[in-house]
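Right, one structure below, let's go through it.
The values are calculated or read from the model by the stated rules, or taken from the named source; none is laboratory data. Remember, predicted model here, so these are calculated numbers, not experimental data. Every residue, glycine among them, receives a Cβ derived from its backbone with ideal geometry; neighbour counts consider all protein chains shown. Areas reflect the complete protein model, heavy atoms only, side chains present, ligands, DNA and RNA absent. Shrake-Rupley method; radii C 1.70, N 1.55, O 1.52, S 1.80 Å.
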Amino acid sequence: MKIKLIYILFSSLLIITLLALWLPFYQTQQKVTLLTDLSSSIIEENYPKSVINNPKVTINRNTIHVQFDLHNSFEQMEPLNQFTTFELFNKHLRFLLLTKESEHELYGYNVTLSASSNNHTFEYVCKLPNKYWIHGNESYLSMNENVIYTSSEFKKVKEVVIDMFPVKKINGYNDYEIFEYSRRFFTAMTKGGKYYNPKTDNSLIVDAVMDKFRITAADFSSVYQKYFLLY
């Protein structure tokens, strides 16, 4: 009887230990699958010339790493366009994680994107000062371990980039005006993102914008996605 009891206890401890080891691995694999699917959809919808392709995702602690295949034309681009290729991918990914997959809190992870051509290795790094300060990220692109473009440089030419996004009217208001109001509301409510909680704050922001401009949630979603890519 005593031996049987010891065997049962040992078996229970073994099962608990195996579950404790297996569960984090399973959860990580779920996240990798989600990120791979999102990455593929972003490329399919936004990169018709396949300048980047075939994403391979790994997660290391609080960093998402995506490795791509590169089209030969990438090497011929100016540094600004090379940086923008990765920057927009990062913004698309973070937008989807923030608005559609927020329960995973992956939107607050740092992001590293890498790709190699025949002659060069490129790495894009985007870090957040804290996981809730989604509008305060700093990023840079390096080639062969030498930084060739940064988000600070990108901000200096942002007005030129904004001109690539024609302003549209929604219910009589410029869509850029709607977006700027949502950003100011976000900044005031969350102290610049320091106290941001997407599970509660997203709906409060959407409701405030809908009330002020008398637009639908779908209207605001399209506006937010359009201009979020610039910040």
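Counting protein heavy atoms only, the stretch 40-117 has 43 percent of its accessible area on carbon and sulfur, 1.4 angstrom probe. Approximating the spin labels as points 7 Å out from Cα along Cα→Cβ, the residue 226-to-residue 99 distance works out to 1.2 nm. Note on residue 204 and residue 163: the extension gain reaches 11.8 nm, defined as 0.36 nm multiplied by sequence separation minus the Cα-Cα distance.
Extension gain for residue 145 to residue 33 (0.36 nm times residue separation, less C-alpha to C-alpha distance): 37.4 nm. In a fully extended conformation the segment linking residue 61 and residue 78 would gain 2.8 nm over its present Cα-Cα distance, using 0.36 nm per residue. Which shape class applies to the stretch 154-213: rounded if a/c is under 1.5, otherwise prolate when a/b exceeds b/c and oblate if not, where a ≥ b ≥ c are the square roots of the Cα gyration tensor eigenvalues? In terms of gyration-tensor shape, oblate. In this structure, the pairs whose alpha-carbon distance is over 21 Å, taken from 100/191; 49/169; 156/226; 100/169; 155/212; 49/156, are 100/191; 49/169; 100/169; 155/212; 49/156.
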